[in-house]
Amino acid sequence: MTEQNLPEERRDADRAERVFATKSGMWSRGSGDTSGYNGLVRELAMPGKSGAPFEDAAADAIHDRAVDVLPKFKGYRMLFHAGELTVYVPREDLREVVRTLRDDPYLRFEVIMSISGVHYPQEVGAELHAVYHLLSYTYNRRLRLEVTCPDDDRHIPSVVETYPMADYDERETWDMFGIIFDGHPSLTRILMPDDWAGHPQRKDYPLGGIDVEYKGATIPAPDTRRSYS
Amino acid sequence: MGIEDKIPQGIMLTSVEAIAGWMRKTSFWPATMGLACCAIEMMAFGTPRFDAGRWGQEVFRSPRQSDLLIVSGRVTQKMAPVLRQIYDQMPNPKWVIAMGACASSGGMFNNYSVLQGVDHILPVDMYIPGCPPRPDQLIDGIFKLRAQVQYGTKMGANRVAEIEELEQAALAAPAKIEQKGLLR
Amino acid sequence: MSQQDVYSQPEEKPADHVYFPQGGDWEDIVSEHAGSGDETIVINMGPSHPSTHGVLRLMLEMEGETVTSIRPGIGFLHTGIEKNIEFKTWTQAVTYVTRMDYVAPLFNEAVYCMAVEKLLGITDQIPERARIIRVLVMELNRIASHLVAMGTGALEIGSTTVMSIAFREREMILDFLEALTGLRMNHAFIRPGGVANDLPEGGLDHLRDVIKWLHKHLPEYAGFCNENPIFLARMKDIAVVDLSGAMMLGMTGPRLRGTGYDWDLRKTQPYCDYETYDFDVVSWEGDDAYAAFRIRQAECWESLKIVEQCLERLEKTQGQPVMVADKKIAWPAQLSLGPDGQGNSNEHIKHIMTGSMEALIHHFKLVTEGFDVPVGQAYMAIESPKGELGCHVVSDGGPKPYRVHVRDPGFHHIQSIPYMCEGGMMSDVVVALASIDPVLGGVDR
């Protein structure tokens, strides 16, 4: 297959590094696929990177100002997708970036509304992602920061000293994904019991459902059923 | 031809157990174990439209003075020991209602966190289906339990024998997968 | 873990291990203060306590009646909904998210569906009538949720009447929602692409009755509470959070507006055509629990105003579709209310079972497999009765969500309890708690 024949999304050079999962066949698990789709292999990648200028005035304003006050911002991978700007920040820069985003009078991201962890087991070297959703009340803008860390070195600096409201979010992300937020005042379990083993919302943690059995019939737990992928 | 023909009018004979059952039935004090969605319906059960007070059953919140535990909602692994402690704090005799699908069987949450039915940690007397059950369904469940208490009360040696009998029945009961019959 | 079972019967044999739900830390807290000889009292409140709005646990340290330290413990209702969703299709997941914040279920559905629609890129294609019905059910649900917040909040300070009448009004709203969606709570009514079904026969008349009822009875709350000296004494200058404190703690909703800042996502970042409705954002200068109470009360009236405008619009758009036109996404079943409850309409069953083989295949594929959502992630935020309700969805391009995270306002509000209560009286803890109106299903998810 030549370069032109490829669909546009696959022509882009750094796609390989964004592939976070490979799927084959029609079913997510189990065998018995008689549909003939078994040989079908799909590589799944996040939408490609986009550079300034974006199609959106607010995103441009954030980008331009951030580059002015923090030159290394220019080197970060960015993505404008579904009307939202995502900036992939290296973890060692996170504290500096959030401080700038909060304190600069033309950026003023006063709050982190939510932090959610996402686990991409196939993305070697960046399995765990922490996704920060920032909101600026002053300028009525939103921004997403994404920070990654490898599974064997699960450390991301805590942003609690800049954003006190991130306290519970970071504890939840630790509880559910095992990301250690360095510098957090008391990183303890929050939703699961204190003596729980494992981090339940990681992809390698089973759902933990039990088979439902009744009068000779068994219905497997949702994660062990054959299902579409 | 019994003693009832010899006694004067206006006197009624019954057993101590029936009297005790009647009194227990008419003075339930529920300890409400409000957990999730069902708790809101249980609150509605006490408000003017459904009005649990009509049959002398005010929603009450101290387990120490209660004899009915309404477990309403999903019980998680973290909550299970708390629930068991509350049950242990209640004086005998006591009854348990599992309100809603989650308390009865885990419902739709078949996962790492939710207990698959409160009957794993407590003996349940009445299961109420629904997600959440309407307050009307809770009323229905409570009236069925009242009937059970009225006619099923055993005391003294009878109670000891009943416990033994129930235990033997529970030990001999087939697992759910071994049960026979139509799938319904 | 203690070895002595204080609950055992006298004749009972001692057990090997005795576990108490208080956990090890509780023993530590108590023993730390046991030998100190001062007046410190350590109290455990919850997780089963009538005033904690669910299974919230609070650990208080007090000097006399003054709270010196308070530590919230949550997670007793952690249901693993976010994990369960990863094994369900995009449409089935609605059934799960609706059970998060169960006092305002329609908001959970709406925010999740709008996030999915953002990722699908069909936000503009949602039919007008579907958007109107979404606004209608959300605003009715907002009134119902505020009524529960006001009623239970009043119950906390000993006023049972407000609670009784709040549930009476709530029943009227639930009756309408039941006629529309088939369920009193946990509706699973808003679906990606639109809403499950149109208004039932006589639905508009029913709605008019509800509006009339609310107009008649909503003034009672102001009459009972606003100038009531007990309410004023218990709520004024209690649980104070000012604007910078509210921002620092991530507080949103009535507590943020209670600092005089009129931030309402319905106005600032409108969705579902909120910019075309005529309503005011209520704010109140007070920083206290009373401000939040008055805002909730006033917001009921603003919501009622929106409901009335929805009624007008619904009259104009009768017969228009309520589901997106794209057949690859739209739920194939045409639901209707039969004598045995809600289900597929007879015409639809007839069409797929006798009329068209292709329609049957289409129905089967879409219901069992679902639709694919393009790879990517999206965050959607709406103004729920409690504050900013956000939903972060990640798709791997398949028919099931890769990750769904819901930002519940209550989760962030619980963080503010120490800020509001420390240094105050013990009796004000429940007032502070009622002012943030947490619903533990949403907090723990």
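The values are calculated or read from the model by the stated rules, or taken from the named source; none is laboratory data. What you are looking at is a predicted structure, and each value in this text was computed from that prediction instead of being measured. Here the Cβ is made from the backbone with ideal geometry for all residues, glycine too, and neighbour counts use every protein chain on show. The accessibility values were calculated without ligands, DNA or RNA, using every heavy atom of the protein model including side chains. Shrake-Rupley method; radii C 1.70, N 1.55, O 1.52, S 1.80 Å.
Things worth noting here:
- The criterion of at least 1 residues that are open to solvent by 10 Å² or more (accessible area, probe 1.4 Å) is met, among strands (runs of 3 or more DSSP E) falling completely within the range C:347-445, by C:376-384, C:401-407.
- Count of the range B:142-184 residues which are part of a loop (DSSP other than H, G, I, E, B) and of a type in the set (Lys, Arg): 3
- The residues listed here are C:427, C:416; of these, the one that is among the hydroxyl-bearing types (Ser, Thr, Tyr) and more than 12 Å from chain A (Cβ to nearest Cβ) is C:427.
- Single match in A:137, A:205, A:168 (criterion: aromatic (Phe, Trp, Tyr), within 10 Å of another protein chain (Cβ to nearest Cβ) and surrounded by 19 or more Cβ atoms within 10 Å (Cβ to Cβ)): A:168
Yes or no, residue by residue, for (1) at pLDDT below 90; (2) open to solvent by less than 10 Å² (accessible area, probe 1.4 Å); (3) over 26 Å from residue A:229 (Cβ atoms):
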{"position": "C:109", "(1), (2), (3)": "no, yes, no"}
{"position": "C:144", "(1), (2), (3)": "no, yes, yes"}
{"position": "C:156", "(1), (2), (3)": "yes, no, yes"}
{"position": "C:161", "(1), (2), (3)": "yes, no, yes"}
{"position": "C:170", "(1), (2), (3)": "no, yes, yes"}
{"position": "C:173", "(1), (2), (3)": "no, yes, yes"}
{"position": "C:176", "(1), (2), (3)": "no, yes, yes"}
{"position": "C:186", "(1), (2), (3)": "yes, yes, yes"}
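- Filtering C:249, C:214, C:256, C:243 for residues that are aliphatic (A, V, I, L, M), over 17 Å from residue C:150 (Cβ atoms) and open to solvent by less than 10 Å² (accessible area, probe 1.4 Å) leaves a single hit, C:256.
- Search result, residues across the range B:54-89 that are assigned to a helix (DSSP H, G or I) and more than 9 Å from chain C (Cβ to nearest Cβ): B:54, B:55, B:64, B:65, B:87
- If the condition is being touching a Gly at 6+ places or on another chain (Cβ under 7 Å) and at the interface with chain A (Cβ under 9 Å from one of its Cβ atoms), then the range C:389-405 contributes only C:399.
- Residues that are touching a helix residue (DSSP H, G or I) at 6+ places or on another chain (Cβ under 8 Å) and either open to solvent by 10 Å² or more (accessible area, probe 1.4 Å) or within 22 Å of residue A:99 (Cβ to Cβ) (or both) within the range A:118-131 comprise just one, A:130.
- Test: residue in the range C:282-291 that is within 15 Å of residue C:138 (Cα to Cα) and surrounded by fewer than 19 Cβ atoms within 10 Å (Cβ to Cβ): no
- In the range B:125-184, the residues that are under 30 Å from residue C:95 (Cβ atoms) and of a type in the set (Asp, Glu): B:125, B:136, B:140
- Where a residue in the range C:215-242 is part of a helix (DSSP H, G or I) and its partner, wherever it lies, is aromatic (Phe, Trp, Tyr) and surrounded by 15 or more Cβ atoms within 10 Å (Cβ to Cβ), with Cβ under 8 Å and at least six apart: C:225/C:231; C:225/C:293; C:231/C:290; C:231/C:293; C:232/C:290; C:235/C:290; C:235/C:293
- Within the range B:145-172, if we keep just the residues that are without any contact (Cβ under 8 Å) to a residue 60 or more places away in the chain and surrounded by 14 or more Cβ atoms within 10 Å (Cβ to Cβ), the residue that is farthest from the other protein chains (Cβ to nearest Cβ) turns out to be B:148.
- Scanning the range C:309-316 for any residue that is part of a helix (DSSP H, G or I) and either within 22 Å of residue C:420 (Cα to Cα) or not assigned by TED's automatic domain parsing to the domain that holds residue C:150 (or both) turns up nothing.
- Extreme residue, most open to solvent (accessible area, probe 1.4 Å), among residues of the range C:259-276 that are within 13 Å of chain A (Cβ to nearest Cβ) and among the acidic types (Asp, Glu): C:262
- Matching residues in the range C:217-232 - criterion: being touching a helix residue (DSSP H, G or I) at 6+ places or on another chain (Cβ under 8 Å) and within 17 Å of residue C:153 (Cβ to Cβ): C:218, C:220, C:221, C:222, C:224, C:225, C:226, C:231, C:232
- Looking across the range B:145-169, the residues that are modelled with pLDDT of 85 or more and small (Gly, Ala, Ser) come down to B:147, B:157, B:161, B:169.
- In the range B:90-112, residue nearest to residue C:76 (Cα to Cα) [restricted to those that are within 14 Å of chain A (Cβ to nearest Cβ) and out of contact with any helix residue (DSSP H, G or I) (no Cβ under 8 Å at 6 or more places or on another chain)]: B:106
- Any chance residue C:64 is facing another protein chain (nearest Cβ under 9 Å) and of a type in the set (Gly, Ala, Ser): no
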